[in-house]
1. Put one equal scatterer on each alpha carbon of the stretch A:79-174, apply the Debye formula with no solvent term, and list log10 I(q)/I(0) at q = 0.12 1/Å to two decimals.
2. Under a cut-off of 19 Å between alpha-carbon atoms, report the lysines in cross-link reach of A:Lys193, not counting same-chain residues fewer than 8 places apart.
3. First obtain the Kirkwood hydrodynamic radius of the stretch A:228-357 from its Cα pairs, then insert it into the Stokes-Einstein equation at 10 °C and 1.306 mPa s, and state the resulting D in µm² per second as a whole number.
4. I'd like the trypsin sites (Lys or Arg not before Pro) in the stretch A:357-465 restricted to DSSP loop residues with at most 12 other Cβ atoms within 10 Å, sorted by number.
5. Looking at chain B only, what percent of DSSP beta bridges run antiparallel? Nearest 5 please.
6. So what are the protein assembly as shown's ellipsoid semi-axes, whole angstrom, largest first, if each one is the square root of 5 times an eigenvalue of the alpha-carbon gyration tensor?
7. By what distance, in whole Å, do the Cα atoms of the stretch B:122-193 stretch along each of the three principal axes, largest value first?
8. Sum -39500 (n - 2.57) across every DSSP H segment of at least 4 residues in chain A, then divide by the residue count to get the 222 nm mean residue ellipticity, nearest 500.
Amino acid sequence: MAKKAPDMEEYQYGFRDEHKSIFQSGKGLTPEIVKEISKIKNEPQWMLDFRLKSLEQFYKMPMPKWGGNMDDLDFDEIQYYVRPSEKQGKTWEEVPSEIKETFDKLGIPEAEQKFLAGVSAQYESEVVYHSMQQNLEDQGVIFTDTDTALREHPELFRKFFGTIIPPTDNKFAALNSAVWSGGSFIYVPKGVKCEVPLQAYFRINSENMGQFERTLILADEDSFVHYVEGCTAPIYSTNSLHSAVVEILCMKNARVRYTTIQNWAPNIYNLVTKRAVAEENATMEWVDGNIGSKLTMKYPAVVLKGRGAKGSVLSIAVAGKDQHQDAGAKMIHLAPDTTSTIVSKSISKHGGKVTYRGLASFGRQAEGAKSNIKCDTLILDNESTSDTIPYNEIMNDNIILEHEATVSKVSEEQLFYLMSRGLTEAEATQMIIMGFIEPFTKELPMEYAVEMNRLIKFEMEGSIG
Amino acid sequence: MAADFVIEGLKATIEGKEILKGINLQMKGGEIHAIMGPNGTGKSTLASALMGHPKYEVTEGTATLEGEDLLEMAVDERARAGLFLAMQYPSEISGVTNSDFLRSAINSRREEGKEISLIRFIRQMEAKMKELDMNPEFLHRYLNEGFSGGEKKRNEILQMMMLDPKIVILDEIDSGLDIDALKIVADGVNAMRSEERGFLVITHYQRLLNYIKPDFVHVMMQGRIVKSGGPELAQRLEADGYEWIKEELGIEDETVGQEA
């Protein structure tokens, strides 16, 4: 009958290397550690103040009482800052060899040569490799790690940093604001279109690691940029925490696409705040794939602030054994004629849990705004579950909100049909699943679509039969 | 070698209820057999049970293709052994294009490393689609999604042509077809006639048999084949309906579950 497939819970990026970092904060979080991080980074006083204030905020705020189960997340067991190397490489030869080997295994240098305009590779707390094509640099594009941006572009940085997601936004945004390190800073000047994607890759290597990158993307008027991020980590029996903050500003007529392929190891809490502001006629697109992690809570948001601004979130979430993907989207319509689209595709299997949690908000000024939300879930067995939790806030009568949700199983009839043409049960199931997520994969650049399909196939192998 | 398809004493149930009550049928390559009968007599159950639909449980009997026991095989193994069922209600699969699906189906019959080349495949598929008067855009449409009834039937015949099976079962391929579409589908079937291939045509209208000429005609009632004959049997059914058979055999209600 069906071909024997490897254990599906196998995670293919679970290897680790033996690189010795040059500085480790040790476990736990204190003002002293925050001061130490800021000192090592040689930051200006305002940033230290910002961090310390954020830390107070973090202590003050209660844990969220909604979303996933965070009982096993012990803030005292996390290492908040690990500095892997003295300096950042501009070529891969300058990167410590163990780390380079890790990124080689992940295929990053290869991808860079083939189809990327710029690459940033973060290992633990710091970006260890960074490069961008000369032609983008010549056009005035800034793509750098966020620490460098604070040093080299202080005015631009200070003007926007923390304005879209203030530390008070939520407990994890406060935490990130206190201990942030690494991440990407992008500025695309007026009218510049980056046709080829920029990519950042985030890798955790140590046990009990906390990774808190901070990303700020500023797309000036009429510009375009596509930013892609990927993430993986080794498997440990203890938990790690990834808590990023991503702020994006799409100025008038600008378009930003932000693609995430999150494939964290199954011992990682992935608690991320992502928000974009779209000004007049600007377009913000989140393409968000969540395959890994123990618990993900992530709701990419677009604040549609200018007339005619457009926002979209296209996401897939796959939850297997002991995994919970609590993901969704927020669309905040503040201006007239703004439009938003949310397409969420979730798959749960082997007892996994997927939750779609979304917000569609229409302010008083959102005259003529439209939002279309579609959530589809595919449940592969009887142990797995799904929930759809949509919130709507409507302050204006003249808006259109459409919401459609479906939950389905791989149907016996569909399997029979495909198998009657010669496909094995495993192949047939896989084909139905790939078809289910096709609206997502077709939006990825070709190379990523291939990778995504490979990942999903790998995830799905052995999930039946 | 010519296909040799033998069904002996086949009984099948659905949810514990017996629908097929002992079917016997022998077919050879080159032959076209028609199974006729009113609704509810077990015709489509026979088709689905032979293909291995999980809803039906075969409780007794055998079905062999070239001496191989089909009933021991999973659905996909039956398909790869050469059995093809053109379904009455083909499933729709969103996100999977017709061409991707069909190419995977062809490759499932080939060894790894000997897959059909994309160009060759597309050429073949386009040629067959032309024969069936199908719009080339159906290559890239999602499998059966949004297809009309007639388009689905043509798509079934297209798959049959591409997969080159040994035994073809056509389950009410004529339902929902207008006369032009019926002719096209019949032409497709006739073009596939060969000494190596047998057809089992299930229908309750004689109309289809004007275009696909059967060698043998069987009438099903109450889950059994109650009468067999040559093409003239179909003619008589067209002219006189089924009543005379019921009278001849003393059957009052021909549907399954009603005993004479």
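1. Those come out to -0.50, one per q.
2. Reachable lysines: A:Lys252, A:Lys310.
3. Values: Rh = 14.9 Å.
Calculated translational D: 107 µm²/s.
4. Details: sites: A:Arg357, A:Arg364, A:Lys370, A:Lys374, A:Lys409, A:Arg421, A:Lys442, A:Arg454, A:Lys457; in loops: A:Arg364, A:Arg421, A:Lys442.
Passing both the DSSP loop test and the Cβ count: A:Arg364, A:Lys442.
5. On the way: 26 of 44 bridges.
If I count the DSSP bridges inside chain B, around 60 percent turn out antiparallel.
6. Working: eigenvalues 740, 128, 110 Å².
So the equivalent ellipsoid measures 61, 25, 23 Å along its semi-axes.
7. For the stretch B:122-193, the Cα extents along the three principal axes come out at 26, 25, 18 Å.
8. Values: 11 runs with 111 residues, N = 465.
Here the helix-only value at 222 nm equals -7000 deg cm²/dmol.
The values are calculated or read from the model by the stated rules, or taken from the named source; none is laboratory data. Every value quoted in this text rests on a predicted model; they were computed, and no experiment measured them. Note that each Cβ is placed from the backbone with ideal geometry, even for glycine, and that neighbours are counted across all protein chains shown. Surface accessibility is based on the protein's heavy atoms, side chains included, excluding ligands, DNA and RNA. Shrake-Rupley method; radii C 1.70, N 1.55, O 1.52, S 1.80 Å.
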